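Heads up: the structure comes next, in structure tokens.
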Amino acid sequence: MTSEMTPKMNDALKQGVAELARSLARKDFTSVELTRAYLERIDQHNPELNAYVTVTGEQALAQAQAADQARAAGTAAPYAGIPFAHKDIFCTSGVRTACGSRMLDNFIAPYDATVVEKMRQAGMVMLGKTNMDEFAMGSSNETSWYGPVKNPWNHTLVPGGSSGGSAAAVAAHLCPAATATDTGGSIRQPASFCGLTGIKPTYGRVSRWGMIAFASSLDQAGVLTRSAEDAAILMQMMSGFDPKDSTSVDVPVPDYLATLDQPLKGLRIGLPKQHFAVGLNPEVEKQIRAALSEFEKQGAVLKEISLDNSHLSVSAYYVLAPAEASANLSRYDGVRFGYRCDKPVDLEDMYKRTRGEGFGDEVKRRIMIGTYALSAGYYDAYYIKAQKVRRLIKDDFDRAFREVDVIMGPTSPHTAFPLGSKTKDPVTMYLEDIYTIAVNLAGLPGLSVPAGLVNGLPIGLQIVGRDFSEAQLLNLAHRFQQATDWHTHTPGV
Amino acid sequence: MAWETVIGLEVHVQLATKSKLFSGSATTFGAEPNTQANVFDLALPGTLPVLNGEALRMAVKFGLAIGAHIGKKSVFDRKNYFYPDLPKGYQTSQLDHPIVGKGSLTITLDDGTSRTIGVTRAHLEEDAGKSLHELFPNDTGIDLNRAGTPLLEIVSEPELRSAKEAVAYLKKLHSLILYLGISDGDMSQGSMRCDANVSVRQQGDSKFGTRAEIKNINSFRFVEKAILIEAQRQIDILEDGGRIIQETRLYDPDRNETRSMRSKEVANDYRYFPEPDLLPVVIDDAFIAAVKTTLPELPDLKSQRFQSHYGLSDYDADVLSADRATADFFEVVANACGDAKLSANWVMGDLQSVLHKSELDIAHSPVSAHALAGLISRIKDNTISSKIAKTVFEAMINGEGSADTIIESKGLKQVTDSGAIEKLIDTIIAANPKQLEQYRSGQDKVFTFFVGQVMKESKGKANPAQVNDILLNKLKK
Amino acid sequence: MALELKDIAYIAHLARLQLGAAEQSEALSRITNILSMIDQMQAVDTAGVEPLAHGFDASQRLRDDVVTETNQRDLLLKLAPSVDQGLFLVPKVLE
């Protein structure tokens, strides 16, 4: 389908969530028109990018129509009728939820994740489900059963992972915003690679009910958008206490939009010396330093700090996350749902072939690492040791936050890398998340904001705050975006 | 050689909550397969557990009842293994930080002696589903209704020294959980299941022998038989110069033997680690105090009170207080009729044997506590004799009405008119000169002959005490 | 202590993963590399450090003992690869 898009709808596809809300309210176009335009664009570009694994056109149009009717009746919620995409890790009732895995290729979730429920109640229109690393295990979106996603900025590069499909979809304007999840950097690193604003809130801020688990104590849902303001709007929808999730925290959600413009004067910004050390691309460093001076201009004070144990974060993470995953993924046994191998000869054969065939290499590798780390004789040396290191890392942050209000640095040491360049060496792939992983271990909120271009490719500035400081992170990102235009650069597919 | 058996029991008690340990599914027994298993119980992707507060309170209640240390910060762990009736591939249990720590239980043996048995710990965990192996020729069917039902696993110290002690411990535990109302304790439905760790050693040895774990014993009787047969198996092996291997064995009641469950022995590396989907369970003194106020009077204290307040023997007091419903029944009878001793005798004797024969529990007794008290009152005020009372009781069982109605309608009222009794005795003495002669020549035993004759003539209604007195006087003359 | 192929086989069995011979040796070399990266943390002194399970310090919330679920068997059994008479089927388990 290559119907000519009208200039009006072409322009609509460039608008973010906040702007779309105003356009829809002004009746510049209807939600059905907007949704149709997005579906056409997805049709056109998704075969190349592979950002979506499922497109729910009919349902999207039905939701859009309902939103238009509500708007006509004056009963529409403020963001009703705005299209978006869900990472395929969130269970969506009646729609396949595959989590990037052959194991769940036939899994039609019988219930909605809390995040899905909340977005629906806000009247948002789901366009489809986005590609991702299998069970969110990866930093390049190359472990997906549905194939790799291409970076819209350069189709030979990865979009980052694990939320690579969401990032590519938003960057390529196949949706204005998408949900995502982050266990070690899976929102922030793709945000950096694709030139987006990505926020991983404090652990416990967004319900994990219905979000397929990778590592329970680290997983957290967030969003990928084209501006901090859009991120604020979506975080407002998604956040909040959920009695169905024991790790959900009962802390009131502030009005994120209300504080977006607050001045930064007197803000103390900590720069961890470990994040500006060997391994950081000098061009990336230059751009990050330039971005930091923008904050200085607005009255913030920069201060070097030390996160002494940050070099151990990847080590500790690759014990804890696989350990939790090894148990979380035991339920994929071919009994009650999902993939089952053909003609098992006995129970053990069924288990082993179902799991051997249903999981990809990276997932199997992490299950084995986790199984090993928990097995008799190794538990103390690996699992307990890693939990102790986790404490040290958290203590580093606690100490830092006595001196500074937020911590900033590069989200990733470099720009997006070529497809296939790191798949043979898991360790270099794991080191991708060197600046982001400690934030998950400490449970803190982190945000990546576009902060420059290096050789025509986007890079991200990471901002880390205290527990439940999402409003502050969004405020800082917004102020930065008011003063710079990095977030407005698009790959132009 | 004298052998000593060493036993430790692990008892799984299904807690009587309405909903499951971590989900809002019902726990009703006997529902159609898989109708009480929701998305969490089926371990669908993305589902999460939330702890049932009532299960926690029940566990604490049990802990308080055995004088145990209550874990102010307990932690749930994942115990990893694959089995089709374990949907998540791990069981959520408690390893290092159980909700209930060390406590004890005092058991009373048949010879009246008592022993205090240490309870190592008690922890909360999820039950598994059921595997049905016999229904299909090539498949096993899985029913997950039971998956996630809360269990309290109560672990004893290896301080039991005979099958009888093990049974006494189990009965005491059973009585206690019924008292506390934390489980229906129905062993036939699996509400209480027992694994026994059994080893033997030479009397006087301080070291334990190698133990075998006998799984899933589902009645008091089988516990005793399983332990006896397993201990004997071990003794036979040792006396033949063999060695015991540590393993899991299954008791087969049909063949009265235990046999190895080798299939479950392969590589049991459970890889326990703290359940990251749940947070530490922290309870404070106020929580514990609130649970404490819900504790009923427990069997040991009740027995003491029955002795001091009602003047019962310690045996009677123990028997009556072992079961809460029986104890309550007894108290109603005793308070209504004012004679605790007679009440105890009737409840433990005639009533118990009727209930036993008709397989009823005391809550469904055909004679209410007040009706029984009515009968005992008539014995006390000499309206009827104890012997006639049994006749009245039988009629009451048959639903013929209250004691008074029956006594009236059958004319069973005792004769206490001494003039009438005297007349009767005179007639009988006159009719039996030979026996009178014998008595007066020193054959005292003939006295009972006269009593029998009087009672027979009066159709049992003459007051026995009065008959005795008057007869004694008359015969002496 | 170096990981060996038999360790990989044992771990794969514990995790119920079928791995071919080539997969096993690849797993061995890659997991060995990963473990040496992980082992960097062994150098740090953690004596007296309390293990941390979650980034935040909170305690478990309690649910009221209320049945909130209804029978959804028909819907849920549709997800399963093999069912009969309301039961999930697996290859016969021999006790």
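The values are calculated or read from the model by the stated rules, or taken from the named source; none is laboratory data. Note that the structure is a prediction, hence the values are computed from the model and not measured. Cβ: placed from backbone, ideal geometry, glycine included. Neighbour counts: every protein chain shown. Accessible surface areas use protein heavy atoms only, side chains included; no ligands, DNA or RNA. Shrake-Rupley method; radii C 1.70, N 1.55, O 1.52, S 1.80 Å.
Remarks
- Helix-only [θ]222 nm of chain A, DSSP H runs n ≥ 4, -39500 (n - 2.57) each, per residue, nearest 500: -11500 deg cm²/dmol
- Convex hull volume per residue for chain C, taking Cα atoms only, in Å³: 287
- Which of B:Thr210, B:Ile229, B:Cys194, positive extreme of dipole for the stretch B:191-240 (C-beta unit charges): B:Cys194
- Look at the dipole of the protein assembly as shown built from charges on Cβ: of A:Ile269, A:Leu347, B:Leu56, the Cα furthest out on the positive end belongs to B:Leu56.
- Student exercise, chain C dipole from Lys, Arg, Asp, Glu Cβ charges, in Debye to nearest 20: 360
- In percent, rounded to a whole number, the relative contact order of the stretch A:7-238 is 20, using alpha-carbon pairs under 8 Å and six or more apart.
- Listed residue (A:Phe84, A:Gln481, B:Ala43) projecting farthest to the positive dipole end of the protein assembly as shown, Cβ model: B:Ala43
- Cut-off 15 Å between beta-carbons: net charge of the residues surrounding A:Thr354, Lys and Arg +1, Asp and Glu -1: +3
- Residue range of chain B that is longest and free of GluC sites (Glu not before Pro) which are both DSSP loop and sparsely packed (at most 15 other C-beta within 10 Å): B:1-133
- Working from label points 7 Å from Cα in the Cα-to-Cβ sense, the C:Leu94 to B:Thr293 distance is 6.0 nm.
- All distinct Cα pairs of the stretch A:1-119 go into the 1/r average, and the inverse of that average, the Kirkwood radius, is 15.5 Å.
- For the stretch B:91-142 versus the stretch B:404-477, the inter-centroid distance based on Cα atoms is 62 Å.
- In percent, rounded to a whole number, the relative contact order of the stretch B:3-290 is 25, using alpha-carbon pairs under 8 Å and six or more apart.
- Shielding score for C:27-34, defined as the mean number of other chain Cβ atoms within 10 Å: 5
- Taken about its Cα centre, the protein assembly as shown carries a charge dipole of roughly 1000 debye when the Cβ of each Lys and Arg holds +1 and the Cβ of each Asp and Glu holds -1.
- Residues within the reach of a label modelled at C:Ala47 (point 7 angstrom out along Cα to beta-carbon, backbone nitrogen below 17 Å), restricted to the stretch A:389-429, are A:389.
- Shown is the FRET efficiency for B:Thr391 and C:Val67, computed with R0 = 60 Å from the Cβ-Cβ distance and rounded to the nearest 0.05: 0.75.
- In nm, spacing of pseudo-spin labels at B:His364 and A:Gln44 (7 Å Cα→C-beta vector): 7.7
- Where labels lie 7 Å past Cα in the beta-carbon direction, separation of C:Thr32 and B:Lys434 in nm: 11.3
- Taken about its Cα centre, the stretch B:418-476 carries a charge dipole of roughly 100 debye when the Cβ of each Lys and Arg holds +1 and the Cβ of each Asp and Glu holds -1.
- Shielding of peptide B:120-131 by partners, expressed as the average count of other chain Cβ atoms within 10 Å per residue Cβ, is 1.
- Sorted largest first by accessible area at a 1.4 angstrom probe radius, with every protein chain in place, the residues A:Trp209, B:Trp3, A:Trp145 fall in the order A:Trp145, B:Trp3, A:Trp209.
- Sites B:Asn382 and B:Phe449, calculated FRET efficiency, Cβ-Cβ separation with R0 25 Å, nearest 0.05: 0.55
- Calculated Rg and Dmax of chain A using C-alpha coordinates, Å: 21.4, 70
- Length gained when the stretch B:Arg161-B:Glu408 is fully extended (0.36 nm per residue, less Cα-Cα span): 83.3 nm
- The relative contact order of chain A, computed from alpha carbon pairs under 8 Å that lie at least 6 residues apart in sequence, is 18 percent.
- Legend: calculated FRET efficiency, B:Thr210 to A:Arg96, from the Cβ-Cβ distance at R0 = 56 Å, rounded to 0.05, equals 0.55.
- DSSP H segments from chain B that extend 24 Å or more along their own axis, Cα-based, with Kyte-Doolittle mean of -1.0 or above: B:163-180, B:220-239
- Restricting the stretch A:179-251 to trypsin sites (Lys or Arg not before Pro) that sit in a DSSP loop and have at most 16 other Cβ atoms within 10 Å of their own Cβ leaves nothing.
- One Cα centroid belongs to the stretch B:23-70, the other to the stretch C:1-67; the line between them spans 29 Å.
- Cut-off 16 Å (backbone N to label point 7 Å along Cα→Cβ of B:Gln246), residues of the stretch B:213-237: B:213-214
- What the Cα atoms of the protein assembly as shown give is an Rg and a Dmax of 38.0, 139 Å.
- 10 Å Cβ neighbours from other chains, averaged over peptide A:336-349: 5
- Under 14 Å from the A:Thr484 label point (7 Å along Cα→beta-carbon), backbone N, the stretch A:409-439: A:409-412
- Net charge in the neighbourhood of B:Val155 (other residues with Cβ under 11 Å of its Cβ; Lys, Arg +1, Asp, Glu -1) is -2.
- Sum of -39500 (n - 2.57) over DSSP H runs of 4+, divided by residues of chain B (222 nm, nearest 500): -12000 deg cm²/dmol
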